[in-house]
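Worksheet: one structure, shown below.
Since every read-out is calculated from the coordinates, none of them should be taken as a lab result. Note that the structure is predicted; figures quoted are calculated from it, not measured. Neighbour counts run over all protein chains shown; Cβ positions are idealised from the backbone, glycine included.
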Amino acid sequence: MVLSSAARDLRTALDDFRRERMITKFGEAMLDAYGASVIMPDAALDRLVECANTQKIASIEDIRREVGKQWSKVHKHGDTVLSLVKRHFPPEVPFVSTPLASRAQVLNTSGSTVTPSSPTRARAGPDAAATPARPAVKRYKCSACHAVGHNSEYLTFVVCFR
């Protein structure tokens, strides 16, 4: 997966975070011996970066859901990780550049006098009532007796294989 520059920056920030936590909790000797994956495994870090890159992380519950059992320390470090994710991937604010038009404006510009409470058939117009909902299906016609509604496949099978 190709990561964006923000995702690479988040990965670096999360790696720095787990290294700092490892040093403050266990010391530099333990960091050199065991690595920073004691605080957060590499698989959990990779998953967090991928999910943040696709805007799937908005709360601690999202972190817990996405990382699952790979990282058991969500309850301890979830707030810090969430703040790092939001710093590198701020939540999108909807309707900043193009606000939605009100429903009354949309109805007035269409030229119809339909009220929002009228049924859907009234909105379709008079042309919709003239056309059938489904095209007519060709009915089966028996080649043996010329009756409509069945064909002679079974009759041929019985006659030929007796």
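Relative contact order, whole percent, for segment 5-88 stands at 35, derived from Cα pairs under 8 Å and 6 or more residues apart. Between amide H atoms placed 1.01 Å from N, distances below 5 Å from Lys141 occur with Gly149, all of them 5 or more places distant or on a separate chain.
Paramagnetic label reach from Ser5 (point 7 Å along Cα→Cβ; backbone nitrogen cut-off under 18 Å): within segment 17-48, no residues.
Simple point charges give the picture: +1 on the Cβ of Lys and Arg, -1 on the Cβ of Asp and Glu, and for segment 5-88 a dipole about the Cα centre of about 240 debye. For a straight C-alpha distance cut-off of 18 angstrom, the aspartates and glutamates reachable from Lys86 (same-chain residues fewer than eight places away being disregarded) are Asp9, Asp15, Asp16, Asp46, Glu50, Glu61, Asp62, Glu66.
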